[in-house]
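Some notes on the structure that comes next.
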Amino acid sequence: MHIKSNLVEGLIAEIKRGNPLHGRVVDQALAALSQQDLVAFERYIAYCTERDVSLTMLAKAYNVCVVDTFKEEIYFRRHGRYRHSTYADVADAVYQNPQYMRDYMHGLAVTEFLWENHAAIRRFFDRCIEAARGGENYLEVGPGHGFFFAHAARSRKWKVHHGVDISATSLEMTRSFLESGLLGAIGDYQLFESDFLRYPFRVSYDAVVMGEVLEHVEAPEAFLQRIFEVTSSDPFVFLTTCINAPAIDHIYNFETVENLEGMFARAGFAIVDRILVPYPGYTVEQSVAEKLSVNVAYQLGKR
């Protein structure tokens, strides 16, 4: 695809300048983007630059994600486990570190376009949202950079939108993204800074979205049980996570698809739809056998 965006071209040039060895990866990623993806990517970069996040800063944030993930991958290959296993291990360095968290969220937002596994899941989310029945109340657990939250709110499928996150920086970035108008006008929403397991929700939710959270917590089954408790009888539940995918703040590894899906069943959920994205060049089965990363996304319903 011929890139017609100076912003995208500029960002890619900065990424390559900071990490020349990564150049082939980003070139392949760009070639796979649809025109719609490219427009969305350009808009996000423009949003960042309008808020004094320069192309150089955005590229640095992305490269931090790349390098930190590579370091954790080396550790995982050597030891067969993630480096950290408790929230306390990573809280100060990541979630309670505003500068790192801000860079991390910007970097992850860029991966939504430049990492094919993340792009595939983003497209799957869009399809699931488009087909969702809708209802009164929507809840997002860990909205992060705000992409999923904004897309759900823009769909107008739900009347009220709530988000809960343990990171004040994440909520600040989500609020900024929503109020930017980048994806159009956003209706009624509230964001709560709290532990999802402890927040006293006052309504029942017709939809819960939880993107890239389960691998960040010590007790993912408790999170699934909590989702079951706060949802209506026939909810739209969408979540993403990963298997054998080390990162600086990943503390729980499901190891196999069966382990993860067994946890869904024990929490009272049935699988409505799913996407499993294996390591490039491998099948899901090969990836699991070789302990290579598999990214997954599910739409769930109550059994």
Taking a temperature of 4 °C and a viscosity of 1.567 mPa s, what whole-number D in µm²/s does Stokes-Einstein yield for the chain with Rh from Kirkwood over alpha carbon pairs?
-> 66
Alpha-carbon centroid distance for the pair region 159-238 / region 247-274, whole angstrom | 18
Take region 6-114, drop everything but the C-alpha atoms, weight them equally and run the Debye formula without solvent; then report log10 I(q)/I(0) at 0.13, 0.22 Å⁻¹ to two decimals.
-> -0.54, -1.21
Formal net charge of residues neighbouring Ile166 (Cβ-Cβ distance under 11 Å; K, R +1; D, E -1) = -2
What does region 144-202 give for Rg and for Dmax, in Å, if only its C-alpha atoms count?
-> 11.3, 32
Count charges around Arg102 for me, please; just the other residues with Cβ under 14 Å from its Cβ, Lys/Arg as +1, Asp/Glu as -1.
-> -1
Whole Å is fine, so just give me how far the alpha carbon centre of region 287-301 lies from that of region 36-109.
-> 21
Charge tally in the Cβ shell below 15 Å around Pro20, where Lys, Arg are +1 and Asp, Glu are -1, Pro20 excluded = +2
Count the DSSP beta bridges whose two residues both fall in the chain, then state the antiparallel fraction as a percent rounded to the nearest 5.
-> 40
Straight-line reach from Lys60: which lysines have a Cα under 20 Å away, not including same-chain ones fewer than 8 places off?
-> Lys16, Lys71
So what is the calculated 222 nm ellipticity per residue for the chain, using -39500 (n - 2.57) for each DSSP H run with n of 4 or more, over all residues, to the nearest 500 deg cm²/dmol?
-> -15500 deg cm²/dmol
Enumerate the aspartates and glutamates that Lys291 could reach by cross-link, defined here as Cα to Cα under 20 Å, with residues fewer than 8 away along the same chain left out.
-> Asp68, Glu72, Glu73, Glu116, Glu212, Glu215, Asp249, Glu255, Glu258, Glu261
When all Cα-Cα pair distances of region 166-303 are considered, the percent exceeding 23 Å is 42
Of every Cα-Cα pair in region 55-158, the percentage lying beyond 23 Å is 42
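Read-outs throughout are calculated quantities, based only on the coordinates presented, and are distinct from any laboratory measurement. All values derive from a computational prediction rather than experimental measurement. No Cβ is skipped: glycine too gets one built from the backbone with ideal geometry, and neighbour counts run over all protein chains shown.
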